[in-house]
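Heads up, the thing below is written out as structure tokens.
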Amino acid sequence: MSQTKAARSTDAQSTETAAPVRSTEAAAPPRASDTLALKLSSPEFTTTLSHFHRAEIARMAGWRDRLDRTSNWAITVVAAMLSVSLSTPSAHHGVLLFAMLLITLLLWIEARRYRFFDVYRARVRQFERYYFAQVFSPQPDYASNWLAILGEGLRSPRFLITQRAALIRRLRRNYIFMYTILLLAWILKITTPSLSREGSPLGFGASLVDTFRVATLGPIPGVVVVCGVGACYLALLAAAFLIRADDGELSFGDVHV
């Protein structure tokens, strides 16, 4: 009987002791980093990051290959149109103007593809900058929320640069050289008599009137064509060298893709 009373008193004391611990306040939700740390052990977390990193590299490489294909198409168009236009005097100078339009279309397509490539390139660089760099050269509290940023990017994918910025970036890195080659070939075509009409003597030095006459494009006078081409190239030069686009990876070093 005494043991039963002692047990009952012990239970009552433990109940009284435990009662104040209970609280009506709701527990704070765990942080994302804490939840992830509890859910994944270190080897599992490392394995997950490694597989995801390889997958993002594969997606980035796929879009990089599509970018290179578009650039190769543009180079092929330039080479073919130069061969057609400069090989014979009977070829019209409008072939080179048509080539300018074609590479403009390819530039637009490549800029659209570059926006997709930039998304996956940025993810790969997040891994390199915030994870692998911390493994090799740790810095305290360096972008500790990068996993949350990466998760939000996976949950709601968005482009990181605009179409305008992508156009300027691809124009500055690749297409300005193709435009320059086509412009020089077009000037050579309309100013060289031996390249613009049959039976002309070899050499340079066509008069300004002859140049404008050769530059005529159907019902459009040659003066209008020359002024239009000049205005287009001034706009290209301004976009490539005067308008400042987002530097992207150049903000973190000299190497870019």
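The values are calculated or read from the model by the stated rules, or taken from the named source; none is laboratory data. None of these values were measured; they are calculated from a predicted model. Every residue, glycine as well, gets a Cβ built from its backbone with ideal geometry; the counts of neighbours run over all protein chains shown. What goes into the accessible areas is simple: the full protein's heavy atoms, side chains included, and nothing from ligands, DNA or RNA. Shrake-Rupley method; radii C 1.70, N 1.55, O 1.52, S 1.80 Å.
These residues, THR46, THR76, go from largest to smallest accessible area, 1.4 Å probe, as THR76, THR46. Spin-label model, PHE132 to VAL223: label points 7 Å out along the Cα-to-beta-carbon direction sit 6.1 nm apart. Note on surface exposure: LEU86, LEU97, LEU184 rank LEU184, LEU86, LEU97 by accessible area, highest first, 1.4 Å probe.
3J(HN,Hα) couplings calculated from phi for the range 86-102 with the Karplus curve 6.51 cos²θ - 1.76 cosθ + 1.60 (θ = phi - 60°) are, in sequence order, 8, 7, 9, x, 6, 6, 7, 5, x, 4, 6, 5, 5, 5, 4, 5, 5 Hz; Gly and Pro show x. Each residue, HIS92 and THR162, gets one label point 7 Å from its Cα in the Cβ direction; the gap between the two is 3.7 nm.
In whole percent, and with a 1.4 Å probe on the protein chains, what portion of the accessible area of the range 64-185 is carbon and sulfur? C and S atoms contribute 63 percent here. Using a probe of 1.4 Å, the accessible surface attributed to GLU152 totals some 100 Å² when neighbouring protein chains are kept in position.
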